């Protein structure tokens, strides 16, 4: 019979102490390069023994004991939306410059998942968390901040307690989209969105309504398309599937819009796919404008006109603010609000 595979036991400081004939405290001091006085002979014996036994230090335990973690937590709603990988890239680029690592979690738009990840990161003593929260109640988060956890909120505005924030003027972006469609001669402008459960979506919707009012266009519920449910779709994204459904609903309605403003680019791409599959030409028959300016928005046909929300810069700035908060003496919180800009491509037609 062949020999059974055996798991090789890793050497510990107790094994080294026994082999070197000294105490575990002495071994710990030598291996951690402590300033505590130890004779050259004992020091050499401990180091030689550790080398012969292929000792590997428990870096995690050491970091937790000394609170030397160089990890930053990042929690996003779902990485399947291409907006978030760009944002995470901005965070990681800035983190690496300062010697930090990132731990990335997807909440999958689930409040319980978000809370579980925050708790786990706090227990692992991460230095701080960069968070796009989907929760409307932040009492739990506020308590952790009071206990020393550093937070930077982004994407969704956190208003019920003080923390560092990188926000975006979603309302201004919504108005900008409507203004542009009106400038291109559109008056029958629809708004397409996932459920209005997130602050950012509600603010974009507010901008849509303000834009109509500004241009003396009456709001009509006939031109409002809101998904009833929000869930993740296997091998795809909810926003894209939602866009396809909205396109079908739009074509089945009695009042066709000349332009559709989507709450994000992925929804806009789903709408375009649904319209094109039904033989509708874009922008000749219906114009479409998105929101985010993800990289893919320039790659679809026709290239998507959209409102730019700078994902990479948002992530980079959020990480920069967190690291400055961690390494500086300042206890004051900072807040930045990034402004939207219009990216004109080919999915909107001038109907004047």
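To the nearest 10 degrees, how steep is helix 83-97 against the longest Cα principal axis of the chain, on a 0 to 90 scale?
30 degrees
On full extension of the chain, what length is gained from residue 278 through residue 351, given 0.36 nm per residue of separation minus the C-alpha to C-alpha distance?
Working it through step by step, the gained length comes to 24.1 nm.
Any idea how far apart residue 187 and residue 43 come out in nm if each label point goes 7 Å out from Cα toward Cβ?
My value for the distance between the label points is 8.7 nm.
Based on C-alpha coordinates, I'd like the Rg and Dmax of segment 13-57, in Å.
Considering segment 13-57 through its Cα atoms, Rg and Dmax are 9.1, 25 Å.
So if each residue of separation counts as 0.36 nm, and I subtract the Cα-Cα distance between residue 23 and residue 179, what length gain in nm does that give?
The residue 23-residue 179 span can extend by a further 48.6 nm.
Could you tell me how many degrees, from 0 to 90 and to the nearest 10, lie between the Cα long axis of helix 199-214 and the main elongation axis, the longest principal axis, of the Cα atoms of the chain?
30 degrees
Pick from 11, 318, 268: which is most flexible by mean-square fluctuation in a GNM of the chain where alpha carbon atoms under 10 Å apart are linked?
11
Calculate the FRET efficiency for residue 326 and residue 110 from the Cβ-Cβ distance with a Förster distance of 41 Å, rounded to the nearest 0.05.
According to the calculation, E is roughly 0.90.
Take every Cα-Cα pair in segment 91-192 and report what % of them are more than 16 Å apart.
It works out to 66 percent of all Cα pairs.
Assuming R0 = 51 Å, can you tell me the calculated FRET efficiency for the pair residue 218 and residue 56, based on Cβ-Cβ distance, to the nearest 0.05?
Given R0 = 51 Å and the Cβ-Cβ separation, E is 0.10.
Would you order 149, 256 from fewest to most other beta-carbon atoms within 10 Å of each residue's own beta-carbon?
Fewest-to-most Cβ neighbours within 10 Å comes out as 256, 149.
Would you mind telling me the antiparallel percentage of the DSSP bridges in the chain, rounded to 5?
10 percent
Which ordering of 104, 275, 326 is given by a fewest-first count of other beta-carbon atoms within 10 Å?
326, 104, 275
Once you've got the GNM for the chain with C-alpha springs shorter than 10 Å, pick whichever of 78, 164, 147 has the biggest mean-square fluctuation.
Among 78, 164, 147, the largest GNM mean-square fluctuation belongs to 147.
Helix 170-183 versus the longest principal axis of the chain: what is the Cα-based angle in degrees, 0 to 90, to the nearest 10?
30 degrees
What residue among 308, 106, 54 shows peak mean-square fluctuation when the chain is described by a Gaussian network model with Cα springs under 10 Å?
In the Gaussian network model the winner is 54.
Given R₀ = 22 Å, FRET efficiency for residue 159-residue 196 by Cβ-Cβ distance, to 0.05?
After rounding, the FRET efficiency stands at 0.85.
Hey, what D do you get for the chain in µm²/s if you plug the Kirkwood alpha-carbon radius into Stokes-Einstein at 4 °C and 1.567 mPa s?
The Stokes-Einstein estimate is 55 µm²/s.
Just rank 28, 132, fewest to most, by other beta-carbon atoms within 10 angstrom.
Fewest-to-most Cβ neighbours within 10 Å comes out as 28, 132.
Every number here is computed from the coordinates shown, using simple stated rules; none is lab data. Predicted model only: the values in this text are computed from it and were never measured. Reconstructed Cβ throughout: ideal geometry from the backbone, glycine too, with neighbour counts over all protein chains shown.
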